[in-house]
Amino acid sequence: MKNYFATLLLLFSALSCTTAAASNPLSMKDAWIAEAPPVSKVMVAYMTIENKGAQDITLIKAESDLYSSIEFHETRHEDSMARMIRHNDLVIPANNHITLKRGGKHMMLFNPVKRLKAGDTVTIKLTINNNDSQTFEVTVKKPQY
Ligand SMILES: [Cu+2]
């Protein structure tokens, strides 16, 4: 009987773990990576990230097997000069979204491991402040300027 309860307890904790991992509060839409010239060591990703949860979520890390690193950036315009600043994290307010777009916040992807062309898919893993992570597929597209 004791073993039975132990098994049940184990099963229950395994189940609750699964439930926690399955609750994905973030969704991504209109996500794309701008195709860059072959020599380019950096690429840029744009997207809208939505937080359907009741609590603010902070993105603390973005990573992909296809890049050496990914940083959160923001383009700021000062005295008609555009410069990029780096953010350590990005907050997505509860029941709200943030839009990463040209001239504003974006993800900077460094050192692609191979030439990535329009139509290719990149898997980006986002880690949030409670160390949960979600992965998203982002398609490379030709930028329309
Ligand atoms: Cu940047």
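The values are calculated or read from the model by the stated rules, or taken from the named source; none is laboratory data. This one's a predicted model, so the numbers in the text were calculated from it and none came from an experiment. Glycine gets a Cβ as well: all are built from the backbone with ideal geometry, and neighbour counts include every protein chain shown. What goes into the accessible areas is simple: the full protein's heavy atoms, side chains included, and nothing from ligands, DNA or RNA. Shrake-Rupley method; radii C 1.70, N 1.55, O 1.52, S 1.80 Å.
For region 23-145, a simple Cβ point-charge model (Lys and Arg +1, Asp and Glu -1, everything else neutral) yields a dipole of about 400 debye relative to the Cα centre.
Placing unit charges on each Cβ (+1 for Lys and Arg, -1 for Asp and Glu) gives region 66-132 a dipole about its Cα centre, and among ALA82, TYR67, THR121 the Cα reaching farthest toward its positive end belongs to THR121. Pairs exceeding a 23 Å alpha-carbon distance, out of LYS101/LYS141; LYS105/LYS142; LYS52/LYS141; LYS52/LYS114: LYS52/LYS141; LYS52/LYS114.
Modelled this way, with points 7 Å down the Cα-to-C-beta line, the labels at LYS52 and ASN24 are 1.0 nm from one another. Of the peptides 61-69, 104-112, 36-44, the order by per-residue mean of other Cβ atoms within 10 Å, starting with the highest, comes out as 104-112, 61-69, 36-44. Heavy-atom surface analysis with a 1.4 Å probe gives region 50-145 a carbon and sulfur content of 44 percent of its accessible area.
Taking all protein chains into account, the per residue accessible area for region 34-145 stands at 59 Å² (1.4 Å probe).
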